[in-house]
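S.K.: Take this structure, written in structure tokens, and hold onto it; I'll ask about it next.
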Amino acid sequence: MSTGTVAKPSAAPKKAGRRKLTWPWILLIVAAGLVLFSLVRVVSGADDLTSVGQISGALQLAVPIAMAGLGGLWSERAGVVNIGLEGMMILGTWFGAWAGYQWGPWTGVVVGILGGAVGGLLHAIITVTFNVNHIVSGVAINILAVGFTQYLSNFTFAEAEGGSSKQSPRIDPITDVTIPGLSDWLIDLQQKHWFLISDIAGILGGLVTHLSLLTIVAALLIPATWWLLWRTSFGLRLRSCGENPVAAESLGVNVYKYKYIAVVVSGGLAGLGGAFLAIVSTGIYQEGQTGGRGYIGLAAMIFGNWMPGGMALGASLFGFTDSLKIRGGAENVHALLLLVALLLVIAALWQLYRKKYAVAAISATFSAAFFLWYFLTDEVPSQFVDAAPYITTLLVLALSAQRLRMPKADGLPYRKGEGK
């Protein structure tokens, strides 16, 4: 009897995973971006693109969005979709201003955080305990927050000196920090408009000139969140609730508790963003001043792939374009057309390298269109200027959508006891 050799099945080829960006690559990309921005500034003559005031304004506009995005990250990492960030920000603006003008700005910050946290607690009760659809709950909280703050304003701010039914009295400012000597030197260097050197000076100058203490606190919360959620056992348990709550429960994790903690913290962070908007950005509460920043924060979180660093980058992008709109308006946004055209050229070359000829052709076509738009016009319509931050956000989300991976159990219903 002959014995045949049984052929072992060949192993399936491994899929080539996406390469993670290492620090050298990140620094190289940042350096290339600075060179590109400097080139656009020199060619267009829009010297305010990287000025100290532009960077300082962008940072101030980015903080409320970053706090809303960070709040969304906490909630969704635990498996709860938080569309109610906008409403929680509204609560933060109102309660922050209400306490701030009476007892000081730092008291306003704390009360604003508590106001947002109450909104988060309500969202947790509705979604976690009663298992209501997360989107429905979030939309309801947004609507309730608008009506509730309008009602409160009628018999608080309306009766206060310097206030009205739509705005609060003036709030004392929080101390800001400027590094003497270094700030002045960087401003002088930026005003020389040298290629690249002045741009770097403008960026660094914006980070050391009139920097609010609350901005520093908010910025520190981003690495603190990364450490807490990705380097501690608490964070591992919380993230497991967003990936596989049934498995987490079978290992002894109290899923309800961690979801509650995450959503309440989420509301508190959104409330902090709202308090920042009222106390630092404007120094006054005004009805409707959040302007959809809660939704933009959610978009920044998605752009950042549910990671703190990526979320901060998305918030910075929106803050930068929003600041361009305020400082220089049509001229700055017109210069962005040249920047977009150059970026599309780079995208077309990259797609050619990857042998994706159809995508390369589309990128090249749009690049040519933006070049023509830039060279055949002197400014862009005012409507486009106002919409530039939102258009930028949508474009970035569309281009990065293929690389996104949300937590597996995000938004899915869960009942206690399923893991037993």
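The values are calculated or read from the model by the stated rules, or taken from the named source; none is laboratory data. Keep in mind the model is a prediction, meaning the values are calculated, not measured. No Cβ is skipped: glycine too gets one built from the backbone with ideal geometry, and neighbour counts run over all protein chains shown. For accessibility, only protein heavy atoms count, side chains too; no ligands or nucleic acids. Shrake-Rupley method; radii C 1.70, N 1.55, O 1.52, S 1.80 Å.
S.K.: How many residues are closer than 30 Å to ARG77 by Cβ and charged (D, E, K, R) if we restrict to the stretch 307-337? Before you say what the answer is, go through the steps one by one.
M.R.: Of the stretch 307-337, the ones closer than 30 Å to ARG77 by Cβ are 307-323.
Filter once more, so that each one left must be charged (D, E, K, R): 322.
Selection size over the stretch 307-337: 1.
S.K.: Taking the stated definitions as given, is LEU269 over 11 Å from the mean Cα position of the chain (by Cα) and in contact (Cβ under 8 Å) with a residue 24 or more places away in the chain?
M.R.: In short, yes.
S.K.: Would you check if GLY267 is buried (at least 24 other Cβ atoms within 10 Å of the Cβ) and small (Gly, Ala, Ser)?
M.R.: The answer is yes for GLY267.
S.K.: If you don't mind, another one. Checking TYR295 against (1) open to solvent by 50 Å² or more (accessible area, probe 1.4 Å); (2) closer than 17 Å to THR50 by Cα; (3) in contact (Cβ under 8 Å) with a residue 40 or more places away in the chain, which test does it fail?
M.R.: (2)
S.K.: Give the residue that is surrounded by the most Cβ atoms within 10 Å (Cβ to Cβ), with candidates limited to residues of the stretch 276-289 that are assigned to a helix (DSSP H, G or I) and out of contact with any Pro (no Cβ under 9 Å at 6 or more places or on another chain).
M.R.: ALA278
Table: residues versus (1) open to solvent by 50 Å² or more (accessible area, probe 1.4 Å); (2) in contact (Cβ under 8 Å) with a residue 60 or more places away in the chain.
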| position | (1), (2) |
| --- | --- |
| TRP306 | no, yes |
| LEU313 | yes, no |
| SER316 | yes, yes |
| PHE320 | no, yes |
| LEU343 | yes, yes |
| ALA347 | no, no |
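S.K.: How about the stretch 37-66: which of its residues are more than 29 Å from MET88 (Cβ to Cβ), open to solvent by 30 Å² or more (accessible area, probe 1.4 Å) and not small (Gly, Ala, Ser)?
M.R.: PHE37, LEU39, VAL42, VAL43, ASP47, ASP48
S.K.: List the number of the failed condition for ILE216; all other conditions in (1) surrounded by 16 or more Cβ atoms within 10 Å (Cβ to Cβ); (2) out of contact with any Pro (no Cβ under 9 Å at 6 or more places or on another chain); (3) among the β-branched types (Val, Ile, Thr) hold.
M.R.: In the conditions (1) surrounded by 16 or more Cβ atoms within 10 Å (Cβ to Cβ); (2) out of contact with any Pro (no Cβ under 9 Å at 6 or more places or on another chain); (3) among the β-branched types (Val, Ile, Thr), ILE216 misses (1) alone.
S.K.: For ALA78, which of the numbered conditions (1) in contact with a Cys (Cβ under 8 Å, 6 or more places away or on another chain); (2) open to solvent by 10 Å² or more (accessible area, probe 1.4 Å) fails to hold?
M.R.: The number of the failed condition is (2).
S.K.: Kindly provide the set of residues from the stretch 116-146 that are open to solvent by 40 Å² or more (accessible area, probe 1.4 Å), without any contact (Cβ under 8 Å) to a residue 60 or more places away in the chain and not hydrophobic (A, V, I, L, M, F, W, C), ordered by number.
M.R.: ASN133
S.K.: Would you confirm, using the coordinates I've provided, whether ILE113 is hydrophobic (A, V, I, L, M, F, W, C), open to solvent by 30 Å² or more (accessible area, probe 1.4 Å), part of a helix (DSSP H, G or I) and in contact (Cβ under 8 Å) with a residue 12 or more places away in the chain?
M.R.: yes
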